[in-house]
Amino acid sequence: MHRSELEQLLTPEGLRLLDSLPPYTNGGDIVRSVADLRKSGYPASLVGTVMTQARLRARAQSKFGEFATRMLFTDAGLEQATRLSVAAVHAGRFRSAGITRVADLGCGIGADALALAALDISVTAVERDEVTAALAAYNLAPFPSATVENGEAESFDLTRVDGVYLDPARRSSGHTNTTRMIDPADFSPTLDFVFDVARRVPTGVKLGPGIDRGLIPGDCEAQWISVDGQVVEMGLWFGPLARPGIRRAALVMRGDARHELTGPGDSEDVEPGELGAYLYEPDGSVIRARLIGDLARALDTRLVSAQIAYLTGDTLVESPFAQVFRAREVFAFNVPTLKRELRSRNIGSLEIKKRGVDVDPATLRTKLALKGTESATLFVTRAGGKHVAILADRVTPTA
């Protein structure tokens, strides 16, 4: 979004037009909406801007729910924004620690600042990009405890606050078509700056879930969060924001339910053993937090194979930290054999999971030429030192 587009949008006419649009849908309705707006005399630039915002608001529903219908976004800002449910978890940390003045350095469109302000925490949201800062100011306007400043995180005076939240930019600059940055030295602000702040002020840091674990300082709590089965972030918490005795945590959020597995550090793995009647696929947050060993002991299970994050057991134990499958049969991993066996069982719908083997599920699915009316799950992995294919069925959890 260019500044001129923003200025046009942030007029009474622009905002009224945006709020008057029907729910955004793909296809011919968009063409008709654009044509109708142009016939009504609205300039093409404004029509394009409000239609873009309508599209982004529709996409934002999954992160912000009904709040999305009154917020403004850029493509990149929405992509990088924290889900509101997760931002609420972050804000709760600050409230529990008794921190009342927080600087959100690199606030983006203001998602975390919004959650902090909703708890009546005084928050100063700082954003270096002028357009994004203006959108954050609009999104935070309903909250008197929130202010937005257009500036550099590195220049902020930390004596103004007693807590800091940082979400270093991990994508290239711009509002659309950004690319993910892999090297932490390219983050903005850099991790060196982030960790320097954390040594001086209670600090929370949002990072990607796959970041090199060797970069995690030893004096903080690292928490991986999954939402509806997808690992969305890794948070680092310093000072009073870190919970005593906890250095690793996996928070699983599904709908309104929250479950957490914690430990004083990486847990020791259990030994591999014979395949049992059930397979357990740990949640991604548990895997990232390296708490698989603790989970295995809680479920009375063993590893299917060393260094591979599948567990197996002889009895059914439901857990929010793992999906459970009932093992049917085990085959040597051989495409002709699998094709024949699956066809003999009338399996035409197959969920393919793999770990520890170099297999592309999409390519394998094509080779299997599935036909039939039954469904199943196929695990392609290692067991007993061999590549195997385990045919299984999902176990539907009880309420």
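The values are calculated or read from the model by the stated rules, or taken from the named source; none is laboratory data. Bear in mind that the values here come from a model prediction, so they are computed numbers and not experimental data. Every residue, glycine among them, receives a Cβ derived from its backbone with ideal geometry; neighbour counts consider all protein chains shown. Heavy atoms of the whole protein, side chains included, go into the accessibility calculation; ligands, DNA and RNA do not. Shrake-Rupley method; radii C 1.70, N 1.55, O 1.52, S 1.80 Å.
Considering only residues that are in a helix (DSSP H, G or I) and buried (at least 22 other Cβ atoms within 10 Å of the Cβ), which ones fall in the range 198-227?
To start, the set of residues in the range 198-227 that are in a helix (DSSP H, G or I) comprises 198-200, 213-215.
Matches in the range 198-227: Ala198 only.
Return the residues of the range 360-395 that are more than 33 Å from the chain's Cα centre (by Cα) and surrounded by 15 or more Cβ atoms within 10 Å (Cβ to Cβ); say none if nothing qualifies. Before the answer, list the steps.
Within the range 360-395, the subset more than 33 Å from the chain's Cα centre (by Cα) is 369, 371-373, 384-386.
Answer for the range 360-395, where residues must be more than 33 Å from the chain's Cα centre (by Cα) and surrounded by 15 or more Cβ atoms within 10 Å (Cβ to Cβ): just Gly372.
A quick yes/no check of all residues on (1) surrounded by 14 or more Cβ atoms within 10 Å (Cβ to Cβ); (2) at pLDDT 85 or above; (3) more than 20 Å from the chain's Cα centre (by Cα); (4) among the β-branched types (Val, Ile, Thr):
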residue: Tyr165; (1), (2), (3), (4): yes, yes, no, no
residue: Arg171; (1), (2), (3), (4): yes, no, no, no
residue: Gly174; (1), (2), (3), (4): no, no, yes, no
residue: Thr179; (1), (2), (3), (4): no, no, no, yes
residue: Phe195; (1), (2), (3), (4): yes, yes, yes, no
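If you check Ala141 against the conditions, is it touching a residue at least 24 places away in the same chain (Cβ under 8 Å) and under 22 Å from Met71 (Cβ atoms)? Show your work before the answer.
Details: touching a residue at least 24 places away in the same chain (Cβ under 8 Å): no; under 22 Å from Met71 (Cβ atoms): yes.
Taking the combined requirement at face value, the residue does not satisfy it.
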> Only one residue in Gly48, Gly41, Gly65, Gly98 is more than 23 Å from Glu221 (Cβ to Cβ) and either open to solvent by less than 20 Å² (accessible area, probe 1.4 Å) or not in a helix (DSSP H, G or I) (or both), so which one is that?
Replying inline: Gly41
>> Need pairs with beta-carbon distance below 9 Å; first residue open to solvent by 70 Å² or more (accessible area, probe 1.4 Å) and within the range 2-13, second among the charged types (D, E, K, R); sequence gap 6+ or separate chains.
In response: Arg3/Glu130
>> Looking at the range 233-248, I want the residues that are without any contact (Cβ under 8 Å) to a residue 40 or more places away in the chain and have a partner that is small (Gly, Ala, Ser) with Cβ atoms under 7 Å, at least 6 apart or on another chain. Which pairs are those?
In response: Leu236/Ala222; Arg247/Ala222; Arg247/Gly265
> Between a first residue in the range 86-97 that is among the aromatic types (Phe, Trp, Tyr) and a second residue that is modelled with pLDDT of 95 or more and crowded, with 23+ Cβ neighbours inside 10 Å, which pairs have beta carbons less than 6 Å apart while being 6 or more apart in sequence or on different chains?
Replying inline: Phe94/Val102; Phe94/Gly163
> Of everything in the range 341-355 that's open to solvent by 40 Å² or more (accessible area, probe 1.4 Å) and under 31 Å from the mean Cα position of the chain (by Cα), which residue is farthest from Gly273 (Cα to Cα)?
Replying inline: Ser349
> Going by the conditions given, is Phe73 among the hydrophobic types (A, V, I, L, M, F, W, C), under 17 Å from Leu18 (Cα atoms), modelled with pLDDT of 95 or more and under 19 Å from the mean Cα position of the chain (by Cα)?
Replying inline: yes
